[in-house]
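Student: Here it is, the structure in full.
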Amino acid sequence: MPCSMLGIINASNEFDTFKNLTAHRSLASLPFAGRYRLIDFMLSNMVNSGIMNVAIFTGQEMRSLMDHLGSGKQWDLDRKRDGLFVFSPEGTSRIERFGSFAHFAKNRTYFLRSKQKYVVITNCNAVGPIDFCKILDQHIETEADITEVFHEGQSLQTYILEKNLLLSLFEKYKNQGYYSILDVVHDKRHQFKINMYEWTGYIAIIDSLQSYYQTSLELLQPAVWQQVFTKDEPIFTKVKDEPPTQYKKAAKVSNSMIANGCIIEGEVENSILFRSVKVGKGAVIRNSIIMQKCQIGEDCVFDGVIVDKDVKFEKGIQLTGTAQTPYIVEKGTVQKGR
């Protein structure tokens with residue numbers, strides 16, 4: 001049964017540790033797992049929970065995200081009633097960033113027109129299946145004012161509350177000094193009943209370059225992959241029409257995730273290749289993430305590397321990073337050989 005909830009997703013997270021990977025895109029639109037963007041996971045969780053009214057609050061860097069989301073068709077959110085809504089901040093000040101009651105209040109018409117009784121507020125950088133209907137059921141059963149979701153004792157900064165309560169907080173924040181719902185939950189002066197819900201399924205939080213790299217390669221483990229990508233809770237994304245990957249005679253691929261449209265002539269081990277990546281003869285790719293349309297020249301050797309989109313490598317380049325500090329190659333560059 002569909003949940004009577006609005007879905008609110010924070011797509012404005014900013015972490016300096018991602019370096020050049022988020023210099024030209026939001027964290028929400030960061031490519032992940034060969035063919036997805038980070039926001040696909042939480043957006044799919046909402047759709048799989050029957051939530052058909054979803055608002056995404058973005059930061060200033062939103063072009064890549066808007067190109068990916070489009071009309072919301074891939075998530076069945078291109079609807080005459082409800083559907084997908086995107087709101088960006090009008091300014092650059094802190095009070096207008098996502099999660100602030102000021103940011104929400106400027107778009108209060110959206111909340112007032114919505115028919116759903118409850119609201120779920122969450123972030124875009126959690127990977128793993130979450131059933132919001134189960135959480136809502138406990139929220140109602142415990143007669144809580146606000147339910148905060150945890151995983152292994154860590155807050156997911158995910159909250160469920162009645163829409164009318166959220167609207168009333170818009171008015172109170174100016175006098176109480178609340179910046180966001182997080183302030184309300186942590187303020188011991190409030191009179192609200194807070195319910196703590198522990199989600200026990202697989203969840204990974206992508207909040208640093210290290211967590212992005214390690215979680216990506218962790219998906220190569222069948223036990224992890226099967227928890228994230230399930231038959232009953234599919235992950236939806238923007239579809240790209242690409243031909244099947246070609247594996248040439250000398251190609252060697254083991255324990256790797258290879259998207260469509262690639263041409264493999266070298267060796268790929270324990271790595272993730274996005275769409276239309278070309279790996280030349282004699283090239284060796286290990287423990288690495290290679291994004292869309294990169295061209296790896298002959299005899300290149302990569303280990304512990306993250307390569308952004310549209311990078312071209314000439315012959316014989318060797319790059320090495322570690323699990324703690326993977327080597328990053330910036331988008332759209334040409335790497336000259338020696």
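The values are calculated or read from the model by the stated rules, or taken from the named source; none is laboratory data. Note that this is a predicted model, so its numbers are computed, not measured. Note: ideal-geometry Cβ built from the backbone for every residue, glycine included; neighbour counts use all protein chains shown. Ligands, DNA and RNA are excluded from the accessible area calculation, which covers all protein heavy atoms including side chains. Shrake-Rupley method; radii C 1.70, N 1.55, O 1.52, S 1.80 Å.
Student: I'd like to know if region 246-255 contains one or more residues that are open to solvent by less than 40 Å² (accessible area, probe 1.4 Å), β-branched (Val, Ile, Thr), in a strand (DSSP E or B) and closer than 21 Å to residue 320 by Cα.
Tutor: Checking region 246-255: not a single residue is open to solvent by less than 40 Å² (accessible area, probe 1.4 Å), β-branched (Val, Ile, Thr), in a strand (DSSP E or B) and closer than 21 Å to residue 320 by Cα.
Student: Looking at 197, 202 in this structure, which one is closer than 30 Å to residue 328 by Cβ, surrounded by 15 or more Cβ atoms within 10 Å (Cβ to Cβ) and either in contact with a Pro (Cβ under 6 Å, 6 or more places away or on another chain) or among the aromatic types (Phe, Trp, Tyr) (or both)?
Tutor: 202
Student: Name, by its number, the condition in (1) in a helix (DSSP H, G or I); (2) of a type outside the set (Val, Ile, Thr); (3) in contact with a Lys or Arg (Cβ under 9 Å, 6 or more places away or on another chain) that does not hold for residue 214.
Tutor: Failing condition for residue 214: (3).
Student: For the condition open to solvent by less than 30 Å² (accessible area, probe 1.4 Å), among the charged types (D, E, K, R) and farther than 21 Å from residue 87 by Cβ, what is the one hit in 187, 131, 137?
Tutor: It is 187.
Student: Residue check, residue 324 against (1) in a loop (DSSP other than H, G, I, E, B); (2) out of contact with any Lys or Arg (no Cβ under 8 Å at 6 or more places or on another chain); (3) free of Cβ contacts under 8 Å to residues at least 40 places away in the same chain; (4) not small (Gly, Ala, Ser), all met but one. Which one?
Tutor: (3)
Student: Now a separate question. Condition (residue is β-branched (Val, Ile, Thr), open to solvent by less than 30 Å² (accessible area, probe 1.4 Å) and farther than 17 Å from residue 26 by Cα) applied to region 77-96: is it met by at least one residue?
Tutor: No, every residue in region 77-96 fails to be β-branched (Val, Ile, Thr), open to solvent by less than 30 Å² (accessible area, probe 1.4 Å) and farther than 17 Å from residue 26 by Cα.
Student: Here's another thing I want to ask about it. Are any residues in region 216-231 touching a helix residue (DSSP H, G or I) at 6+ places or on another chain (Cβ under 8 Å) and surrounded by fewer than 19 Cβ atoms within 10 Å (Cβ to Cβ), and if so, which ones?
Tutor: 218, 224
Student: State yes or no: is residue 152 open to solvent by 80 Å² or more (accessible area, probe 1.4 Å) and closer than 30 Å to residue 19 by Cα?
Tutor: Spelling it out, residue 152 is indeed open to solvent by 80 Å² or more (accessible area, probe 1.4 Å) and closer than 30 Å to residue 19 by Cα.
Student: Now, a different point. Can you name every residue in region 1-54 that is closer than 21 Å to residue 309 by Cα, of a type in the set (Val, Ile, Thr) and open to solvent by 10 Å² or more (accessible area, probe 1.4 Å)?
Tutor: Result: 17, 22.
Student: Could you tell me whether any residue of region 34-47 is at pLDDT 90 or above, assigned to a loop (DSSP other than H, G, I, E, B), of a type in the set (Lys, Arg) and within 23 Å of residue 117 (Cβ to Cβ)?
Tutor: Within region 34-47, not a single residue is at pLDDT 90 or above, assigned to a loop (DSSP other than H, G, I, E, B), of a type in the set (Lys, Arg) and within 23 Å of residue 117 (Cβ to Cβ).
Student: State which residue is most open to solvent (accessible area, probe 1.4 Å) when the search covers only region 297-312 and only residues that are in contact with a strand residue (DSSP E or B) (Cβ under 9 Å, 6 or more places away or on another chain) and over 24 Å from residue 29 (Cα atoms).
Tutor: Checked region 297-312; the qualifying residue most open to solvent (accessible area, probe 1.4 Å) is 299.
Student: Are any of the residues in region 159-169 out of contact with any His (no Cβ under 9 Å at 6 or more places or on another chain) and of a type in the set (Val, Ile, Thr)?
Tutor: Checked against the condition, which is being out of contact with any His (no Cβ under 9 Å at 6 or more places or on another chain) and of a type in the set (Val, Ile, Thr), region 159-169 yields no hits at all.
Student: Just to be sure I understand the filter: pairs with C-beta atoms under 6 Å, separated by 6 or more residues or on different chains, first member in region 232-261 and within 19 Å of residue 289 (Cβ to Cβ), second member in a loop (DSSP other than H, G, I, E, B) and open to solvent by 80 Å² or more (accessible area, probe 1.4 Å). Which pairs pass?
Tutor: Close Cβ pairs (under 6 Å, with a partner that is in a loop (DSSP other than H, G, I, E, B) and open to solvent by 80 Å² or more (accessible area, probe 1.4 Å)) amount to 259/35.
Student: Then there is this: Looking only at region 27-62, count every residue that is within 10 Å of the chain's Cα centre (by Cα) and free of Cβ contacts under 8 Å to residues at least 40 places away in the same chain and tell me the total.
Tutor: The number of residues fulfilling the criteria is 1.
Student: Anything in region 313-327 that is open to solvent by 40 Å² or more (accessible area, probe 1.4 Å), touching a strand residue (DSSP E or B) at 6+ places or on another chain (Cβ under 8 Å) and not hydroxyl-bearing (Ser, Thr, Tyr)? List them, or say none.
Tutor: If the condition is that a residue be open to solvent by 40 Å² or more (accessible area, probe 1.4 Å), touching a strand residue (DSSP E or B) at 6+ places or on another chain (Cβ under 8 Å) and not hydroxyl-bearing (Ser, Thr, Tyr), then 314, 318 are the ones that fit.
Student: If you scan region 146-204, which residues turn out to be touching a residue at least 12 places away in the same chain (Cβ under 8 Å), charged (D, E, K, R) and touching a Gly at 6+ places or on another chain (Cβ under 9 Å)?
Tutor: 198
Student: In region 267-296, what residues are outside any loop (DSSP other than H, G, I, E, B) and buried (at least 24 other Cβ atoms within 10 Å of the Cβ)?
Tutor: Scanning region 267-296 gives 268, 272, 273, 279, 285, 289, 290, 296.
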